[in-house]
Every structure is written in structure tokens, then in C-alpha cells.
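What follows is one structure encoded as C-alpha cells, with my remarks underneath.
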Amino acid sequence: MLMAIIKPSGGGGTVATLLSALLAVAGVLAWTAPIAGAGAPLRARAARSVSTADTAHLRYNENRSSGSWLYEEGSALGTFPGAMRANCNITATLTANFTIYVHGGSINGHARAAVHGSGLYQSFGGWLVATGGTGRYAHAHGRGGFYGILNRNTYDMTVQTTGTLLY
């Protein structure tokens, strides 16, 4: 905080000058102090922005799948290495809700991609959105590309993602 003492040119200070200086300091303090009853003071939080590139190898979990929704789990490598789980619905499009468990928390989101091909291996490509998480990633958000290959026999898939994550 910057404070200045104002002294009149005649030598000693007057009561009016001292009162003016005190009021100026009180005004600065009132401006920067939290409002009583408003809860905790606001804290600035710097968002970190990271360009990401990750690859996940996911295996179909028959015991946790239901109807057209396929439950996939496996490991991810790249910018955010960790364990990944995804719940996917595969028709002409692939829609998925995902969570990746990384050091310091988890990141949640959803994705949508067009499915191409009709053989044993089908490719897909689209977008993903990070919508939150836990721990240090509680406020995570971002967008990116979502690409991969699906084995129609085993329902295993390899997923590649690129994008920007802010947290």
C-alpha cells in the first residue's frame, strides 16, 4: 500500500490536513477490504492453459456395459497420463462421456464423432469438450479433436485427442 504524508508548507501540520490524510487512507482500506457478511474474500485464480496431445488404449468391459452403451476403460499416455474410463454409444455417430484420472485429480467431459467404414475396424473423428473435474482440475474446461479406431469384433478402441485445456 502506498501512503503519503502531507505537510503544509508553514511548518507544523493542521488538524484539517491530518484529518484529510486519514480519510484518504481509510478510503483506500475500505475499497480493498472485503464487505462484511459477504463471505470469504475473493481470490484471484490464474488459469493455466495447456496444449494437449494424448492417446488412450481402451478395452471393452462387458460387465459394466448396458444396451447400446459400451463401457470402456484403459490407460492414457501423453500430456495427461493416467487411467481413463468412457461410456460410449456407437451408432452412425459415436458419443461418449469420459473421465481421465490423473495425478492431482480427474478431468471430465464428453465427445462426439462421425463413424467411418463398415469392416472390422472403423475409424471415427470429431470433437471433445472438457467440462470439469476434481482436485486441481475442478475448474477444467477446453475443446479439442477426438479421433480413433474401433474394433467391431472386440469393441476395443484406440483414441487420440488434441486440444487446449484450461484449469
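The values are calculated or read from the model by the stated rules, or taken from the named source; none is laboratory data. What you are looking at is a predicted structure, and each value in this text was computed from that prediction instead of being measured. Glycine gets a Cβ as well: all are built from the backbone with ideal geometry, and neighbour counts include every protein chain shown.
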Quiz item: With region 54-167 as the region, which strands (runs of 3 or more DSSP E) entirely inside it contain at least 2 residues that are at pLDDT below 95?
Solution: 69-78
Quiz item: Can you name every residue in region 118-155 that is surrounded by fewer than 17 Cβ atoms within 10 Å (Cβ to Cβ), under 16 Å from MET84 (Cα atoms) and touching a His at 6+ places or on another chain (Cβ under 8 Å)?
Solution: VAL129, THR131, GLY132
Quiz item: What tally of residues in region 48-98 results from selecting those that are among the hydrophobic types (A, V, I, L, M, F, W, C) and closer than 24 Å to TYR167 by Cα?
Solution: 11
Exercise. Count, please, the residues in region 63-75 that happen to be closer than 20 Å to GLY133 by Cβ and free of Cβ contacts under 8 Å to residues at least 40 places away in the same chain.
Key: 4
Quiz item: Which residues, taken from region 97-152, are more than 18 Å from ARG59 (Cβ to Cβ) and of a type in the set (Val, Ile, Thr)?
Solution: VAL102, ILE107, VAL115, VAL129, THR131, THR134
Exercise. Identify all residues within region 88-104 that are farther than 16 Å from THR52 by Cα, surrounded by fewer than 18 Cβ atoms within 10 Å (Cβ to Cβ) and either touching a Lys or Arg at 6+ places or on another chain (Cβ under 9 Å) or not aliphatic (A, V, I, L, M) (or both); write none if there are none.
Key: ASN89, THR91, THR93, THR95, ASN97, GLY104
